[in-house]
Amino acid sequence: MCERTVRQELLLPLGETSPAAARAWLQVAGCSAHVADLLEDATLLVSELVTNAVCHGGPPIVLAVDCDGRRLHVRVRDGSRAQPVPRSPAQDAENGRGFVLLDALSARWGVEQEVEGHAGKEVWFLLGHPGPVGPATT
Ligand SMILES: [Zn+2]
């Protein structure tokens, strides 16, 4: 976390308005000092991941963002342990798109189970400016 913006979390309702709520929140919660230019990509990805969580996951859906001064770290947690399955867009345009976008836009991404003692899974991604390669700060 950076000196300007502390880590923030949002509990999202499970419904069709969730992706819009997530997008709106990210515009405010994202660190405008360091990662303003990353927020557009972040918003697109968050929208996809929240949509997936609503359609295929379960409550609670929690969105969290962190800035480390150079990169934006975004997590979308939901209450379902079911692993999201990347599918090719040709097979399933709706569900495959999120992962294609993650590959294209994020520096790194992944899926974790039972993060910090929470039941369910978390899909996370890092958006960042190129810099020295070092140990992951996740
Ligand atoms: Zn920052």
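Before moving on, here are some points about what is shown:
- Residue satisfying all of: in region 3-43; within 11 Å of the ligand (Cβ to nearest atom) and touching a residue at least 40 places away in the same chain (Cβ under 8 Å); surrounded by the most Cβ atoms within 10 Å (Cβ to Cβ) among these: Val35
- Odd one out for Ser80, checked against (1) out of contact with any His (no Cβ under 9 Å at 6 or more places or on another chain); (2) surrounded by fewer than 17 Cβ atoms within 10 Å (Cβ to Cβ): (1)
- Of everything listed in (1) surrounded by fewer than 22 Cβ atoms within 10 Å (Cβ to Cβ); (2) away from the ligand (no atom under 16 Å from the Cβ); (3) under 13 Å from the mean Cα position of the chain (by Cα), the single unmet condition for Val46 is (1).
Each row is one residue, and each column tells you yes or no for (1) within 14 Å of Leu127 (Cβ to Cβ); (2) in contact with a Ser or Thr (Cβ under 7 Å, 6 or more places away or on another chain).
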| residue | (1), (2) |
| --- | --- |
| Pro13 | no, no |
| Leu26 | yes, yes |
| Gly30 | yes, no |
| Leu38 | yes, no |
| Leu44 | yes, no |
| Leu49 | yes, no |
| Asn52 | no, no |
| Val62 | no, no |
| Asp68 | yes, yes |
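Rule-based calculations on the coordinates, nothing more; no lab input. The model shown is predicted, which means the values in this text are computed figures rather than measured ones. Heads up, the Cβs are rebuilt from the backbone with ideal geometry, glycines too, and the neighbour counts pull from every protein chain shown.
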